[in-house]
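Below: the structure, in structure tokens.
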Amino acid sequence: MRTWRERIGRAVPRGLGKPLGVLRGKLNPMAVYRRNPSFWKETGTAYLYLLPALVILTVFIFYPFFDAFRISLFKWGLLPPRPYVGFANYTYIFHDKYFWRSLWHTFYYVIITVPVTLFLAILVASLLNKGLRFLSFSRTSFFLSYISPIVAIAMVWRWMYNANYGLLNYLLSLLNKIPFVHIQPIDWLNNPDYALPAVIILSVWHYVGYQAIILLAGMQNIEQQYYDAAKVDGATGFQAWRRVTIPLLTPQLFFVFIMSLIGSFKVFTEVNVMLMGPGPLRSAETIVYYILRSSGRIDGATQHLGRAAAASVVLFGIIFALTIFQMTVTQRKVHYQ
Amino acid sequence: MLRKIVVGLLGVLLLGTAAMAANEPVTIDFWHAMSSGHQPNLQALITAFQAEYPHITVTLTYQGSYSALQGKINAAVAAGNLPTMAQVYENWVTPIESILYPIGPHMTMMEVGDIVDGLVPSNTYNGVLTTVPFNKSIMVLYYNADLIATPPATWAEFYDLAKTLTVDTNGDGTIDRFGTGLRPAANPEQFLVFLDQAGGSILNADWTEVTINDAAGMAAIQFLGSLIPYTFVTSDYMSDHMAQVAMFIDTSAGYNYNKTAATNAGYALGVAMLPVGPASQSSMIQGTNLAVFDVPNQTQAQKDAAVLLARFLLRAENTVFWAMKSGYQPVTRSAYETQAWKDFVAANPYQQAMSAQMLLGFSQILHPNYGDMRTILSTKFDEIMRGATGALDGLNSMAEEIEPLLSE
Amino acid sequence: MRSRRSEVSYTARQRSYRLLLYVLMLVGCVIMLLPFFWMLTTSLKTEAGAMRMPPQWIPAKLHWENYAVAWGMAPFGRYFFNSFFVSITSTIGEVITTILAAYAFAKMRFFGKNVLFAILLGTLMIPGEMLLVPNYVTLTRLGWLDHYEALIIPWMVSVFGIFLLRQFFRSIPDELWDAARIDGCPRGRYLWRVVVPLSKPAVLTVALFKFLGSWNAYQWVLMMTNTESMRTVPVGLATFSSDIGTAYHLLMAASVMAILPILILFFFTQKQFIQGIARTGIK
């Protein structure tokens, strides 16, 4: 009596005999399971535990993510027909000077905001680490900006940036009391040279507390033995800070840097709420603003969803490339204790 | 005579059928962008409508600014959940005209004929009256009546006055008051006014050529370019900067806001017709129309109810009420003939300028890509007025960028 | 042997250094708190009083009625209800899914674990704006648009939270599980009766973050709701601002109201918040 395996083996043409044999042998599902049953049982349980999270992530993140790639290959107006156009959308945006300008504005924003915020956060964390009194109050006051809804924050800053009655111009005018100092009131929100810097200042103020808290925890985590060793070697406070604190802080610095980098590329709400538009001469039009404008969601624009999707794919590509680059380059520089 | 009887009978029949069919309770959604100053008046009209048609409930939803409302409508098209009716600008619905439910065929001939002439072309798609005007405004000239005794009557006078009134009051090197103000990024229609007054247009009659940079366009842009040193440029509403300008072109719908701001700034506000340009004294009509959407998620009963609401709002007494309260203009001819309106105009001289200007108004073109054209106009006009581009260069870029939109 | 003079000058230098530090800290706190102070004082002025140059630091008369006026001009009551309801529900949901997922990653061995975890971390790089429109279409097809489901269910997962809890769970000794297993305790019960109570601080942190994120969410709510009755506080505030123009005193009053619940929550849970954030940075 032939077993089912022998019968299959007979039916299979010569050439496939060997690989199919492997399939029957090594990759046979039943055999794989029997080799390590507890592992596979645990896999089953694990995926059961992961199920709710995975379902939600799949429906609301993975599916739309791939859908965005798909939409970018079509001419997607408000109504059908929506013909397939291949890479035409990408060609369009790469020839659109407003796309490049929005990328440039975003880069400009990122290049200034990320280092400045990080630098200030290091200073603030170092300051908070000095064991001064009123630590709780100071920590809270630095942190308040981060937990407030960005809409509310953007509105008060919009008011503070008001050219005629704003607090900032008033403070600037106070500086005029110093001899030889003559500062004109700045039309923050209406001057193309100052609109994006205004957003940058708001962002730095918004995020510095959050970053400082993370860095502070990192600093407080550094074991005293390193400082003691430094003192024995005759290091001054500043040298200890430079040679002990900062290097041992690199894991947190790296973490904060990456999160800040990724986050700032996506800047939009601050711009839209504070400037109520892309700013004078579109000077604060960031890449996300461009994407949403092309989606027909803001700025009274016509919907060109394919172009919006293409631009968002490019944005993702940039963030992805930068993240990988960061991780490979700085991984070497991170010192663990 | 016979024709009029037949038409009248048809109208009565139509109204009768509509009234008979409308007995089931029905709820319609109406999306709007009327801010808190206008909302009570809109609500009053809706309440009166619901009193007359007790089986119809109207759900008013304020969606924010016009830009936000357009974003919502666009998103709703994609998702298939448009409301029954919404306020719309022409360029929002030209890309989706196939899903508009034409209101005209459900109106009487008298109602259709009553609409102000200048408003009919921009509501007519393929020869059918599809949308109806609702809150229409016209651009007029606001000026500081304390500083300016006689408003300028021609472009040349406008230029001279703007130049004279641009002053640096405290000698600190910055101009404290500009002769005039413009909002190019937010209101490119201000450029279109000068373009039309010079006899120009964006496109030619059959939309095959871009004519914006023809001789008329050049005349208009050069005039505006000459005004740059005397113009306060912003994207804010001019009412936020009343003390900084002596006169400015703005929509009639802003009258109440401008008046309050002028009082706060300490001067009396005058309203006049626009100065006369080389070819005409025209002005641009802004404001929205009412569109009913013909989509699967709206039942026939809902669409019928929305049509009833549109026709209600077009009635003379209602459009007059709306206009008196809001600064928008009545949209039907019979409205202008009512005693209430005549008394109102007599009592409020500023209205005379607005009504007269309305008769010389022109609207947006119904090109499907006008939305993108408008974005180009606003960006370039902003660049020109802020001195980032030369006037003629900017004009030519407008033409260049609009060109590809003709065939998309 | 130090002479007395050098002792004194050493302390003096130290003291002036510390004084400098206090001054710097004070300056920092002032800069961080100034906008909030300004928000509060503007909300208590009249419209004319707000538009004054030089500005009044503290208004002569405190116009508390601005809050009542602002409240009455838009359905803030409904906005607050929506915000609370959505935030609380999504927090509860998220905590449950996150605990489950984090435990699986922390303590179970399973096929594809590392790849899946890497993919999860990768989602942090995806800009949310890219997903807005496809998600809009999905939610419409599900019929959830303009309903609470749209605001809650997609947010019942947080990769950040999974990451955080996983770190914490990993630090729980395996011996505990071995002991429980020997006693015949099923995995589920072990998780909820043993691990979770031990992880209260971390779980609380995850919950706090979710509540904060949900309360402050703007773009998603803006996109996924149409009607007034579904708006949350941030979106309601933004709509209110386009409605009200330049009545800054009312706008600031509304902004203060929008921040207040978070402020109160933070005041009571300060330690957990700060500790939670601090822990995100420590590998």
Could you work out the Rg to Rh ratio of chain A, with Rh taken as the Kirkwood radius (inverse of the mean 1/r over all Cα pairs)?
-> 1.13
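Tell me, what is the FRET efficiency for A:THR3 and C:SER171 to the nearest 0.05, using R0 = 51 angstrom and their Cβ-Cβ distance as r? Intermediate results must be reported in sequence, preceding the final value.
Numbers: r = 52 Å, r/R0 = 1.02.
It comes out at approximately 0.45.
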Under the 7 Å Cα-to-Cβ spin-label approximation, C:ALA118 and A:HIS95 lie apart by a distance in nanometres of 3.9 nm
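Any idea what diffusion coefficient region B:322-408 gets from Stokes-Einstein, in µm²/s, Kirkwood Rh on alpha carbon pairs, 37 °C, 0.692 mPa s? The partial results should precede the final answer.
Details: Rh = 16.1 Å.
Taking Rh from Cα pairs, D becomes 204 µm²/s.
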The distance between the Cα centres of region C:80-98 and region B:287-330, in whole Å, is 40 Å
B:ALA340-B:ASP294 FRET efficiency (beta carbon distance; Förster radius 45 Å; 0.05 resolution) = 0.80
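Let me spell out the model: positive unit charges on the Cβ of Lys and Arg, negative unit charges on the Cβ of Asp and Glu, origin at the Cα centre of the protein assembly as shown. What dipole size does that give, in debye rounded to 20?
For this selection, approximately 6320 debye.
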Straight-distance crosslink candidates among aspartates and glutamates, where the alpha carbon sits under 14 Å from C:LYS61 and sequence neighbours closer than 8 are dropped | C:GLU47
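To the nearest 100 Å², how much accessible surface do chains A and B cover up together, summed over both, with a 1.4 Å probe?
Details: alone 21640 and 17080 Å², together 36440 Å².
It comes to approximately 2300 Å² buried between A and B.
Would you mind calculating the relative contact order of chain A from Cα pairs under 8 angstrom and at least 6 residues apart, reporting the percent as a whole number? Write down the numbers at each step before the final one.
Numbers: 345 pairs, mean separation 81.5, N = 337.
Once normalised by length, the contact order is 24 percent.
At most 14 other Cβ atoms within 10 Å and a DSSP loop assignment: could you name the GluC sites (Glu not before Pro) in region B:138-221 that fit?
Loop-located and lightly packed - B:GLU209.
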What does the helix-only formula give at 222 nm for chain A: each DSSP H stretch with n ≥ 4 adding -39500 (n - 2.57), the total divided by the residues, and the result rounded to the nearest 500 deg cm²/dmol?
-> -21500 deg cm²/dmol
Around A:ARG82 (Cβ within 12 Å, Cβ-to-Cβ, excluding A:ARG82; K/R +1, D/E -1) the net charge comes to +2
Given C:ILE264, C:SER199, C:SER229, which one lies farthest toward the positive end of the charge dipole of region C:73-280, if we put +1 on the Cβ of every Lys and Arg and -1 on the Cβ of every Asp and Glu?
-> C:SER199
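Loop-only chymotrypsin sites (Phe, Trp or Tyr not before Pro) in region A:119-159, please: DSSP not H, G, I, E or B, and at most 16 other Cβ atoms within 10 Å.
On the way: sites: A:PHE119, A:PHE134, A:PHE137, A:PHE142, A:PHE143, A:TYR146, A:TRP157, A:TRP159; in loops: A:PHE134.
Listed in order of number, the matching sites are A:PHE134.
With an 8 Å cut-off on Cα pairs and a minimum separation of 6 or more residues, tell me the relative contact order of chain B in percent. Provide the component values of the computation, followed by the final result.
Numbers: 702 pairs, mean separation 100.1, N = 408.
Contact order relative to length: 25 percent.
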Which percent of the accessible area of chain B is formed by carbon and sulfur heavy atoms (probe 1.4 angstrom)?
-> 59 percent
With a 1.4 Å probe and every protein chain kept in, tell me what percent of the accessible surface of region C:124-283 is carbon plus sulfur.
-> 63 percent
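Between chains C and A, what is the buried accessible area summed over both chains (1.4 Å probe, protein heavy atoms, nearest 100 Å²)? Before the final figure, lay out each step's value.
Working: alone 17850 and 21640 Å², together 30980 Å².
Summing both sides, the interface buries roughly 8500 Å².
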What FRET efficiency, computed as 1/(1 + (r/R0)^6) with R0 = 41 Å and r the Cβ-Cβ distance, is obtained for A:PHE66 and A:MET30, rounded to the nearest 0.05?
-> 0.80
Taking protein heavy atoms only, a 1.4 Å probe, and rounding to whole percent, the accessible area of region C:75-121 owed to carbon and sulfur comes out at 79 percent
Report, in debye and to the nearest 20, how large the dipole of region A:65-212 comes out about its Cα centre when Lys and Arg carry +1 and Asp and Glu carry -1 on their Cβ.
-> 240 debye
The long-range amide H neighbours of B:ILE56, using H built 1.01 Å from N in the peptide plane and a cut-off of under 5 Å, are B:VAL26
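Could you work out the mean projected area of the convex hull around the alpha carbons of the protein assembly as shown, in square nanometres to one decimal? Walk me through the numbers before you get to the answer.
Details: hull surface 233.3 nm².
The orientation-averaged projected area of the Cα hull of the protein assembly as shown comes to 58.3 nm².
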Could you work out Rg/(2.2 N^0.38 Å) for region C:73-280, with Rg from alpha carbons only?
-> 1.18
Per-residue [θ]222 nm for chain B (sum of -39500 (n - 2.57) over DSSP H runs n ≥ 4, rounded to 500) = -13500 deg cm²/dmol
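Which value in Å is the Kirkwood Rh of region C:1-125 over different Cα pairs?
Working: mean 1/r = 0.0458 Å⁻¹.
With all distinct Cα pairs of region C:1-125 included, I get 21.8 Å.
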Taking a crude spin-label model, label points 7 Å out from Cα along the C-beta direction, the B:ALA243 to A:PHE119 distance in nm is 3.8 nm
Estimated buried accessible area (total), pair B and C, 1.4 Å, Å² to nearest 100 | 1200 Å²
Mean other chain Cβ within 10 Å across B:76-82 is 6
Any chance you could check region B:59-75 for residues losing 20 Å² or more of accessible area when the partner protein chains are in, compared with the chain on its own (1.4 Å probe)?
-> B:THR61, B:TYR62, B:GLN63, B:SER67, B:GLN70, B:GLY71, B:LYS72, B:ASN74, B:ALA75
Lys and Arg at +1, Asp and Glu at -1: neighbours of A:ILE56 with Cβ under 15 Å from its Cβ sum to -1
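For B:SER334, what charge total do you get from the other residues with a beta carbon under 15 Å from its beta carbon, if Lys and Arg give +1 and Asp and Glu give -1? Mind dumping the intermediate values first?
Working: positive: B:ARG311, B:ARG315, B:ARG333, B:LYS342; negative: B:GLU111, B:ASP114, B:ASP117, B:GLU317, B:GLU337.
Net of charged neighbours comes to -1.
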Everything considered on the Cα gyration tensor (a ≥ b ≥ c; rounded for a/c under 1.5, else prolate if a/b is larger than b/c, else oblate), region B:26-115 must be described as oblate
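So with the 1.4 Å probe, I'd like the accessible area per residue for the protein assembly as shown, rounded to whole Å². Walk me through the numbers on the way to the answer.
Values: 44640 Å² over 1028 residues.
On a per-residue basis, 43 Å².
Hey, any idea what Rg/Rh is for region C:56-155, computing Rh the Kirkwood way over Cα pairs?
1.18
The values are calculated or read from the model by the stated rules, or taken from the named source; none is laboratory data. None of the values given here were measured: they were computed from a predicted structure. Ideal geometry is used to build each Cβ from the backbone, glycine not excepted, and the neighbour counts take in all protein chains shown. To get the accessible areas, we keep the full protein, side chains included, count just its heavy atoms, and leave off ligands, DNA and RNA. Shrake-Rupley method; radii C 1.70, N 1.55, O 1.52, S 1.80 Å.
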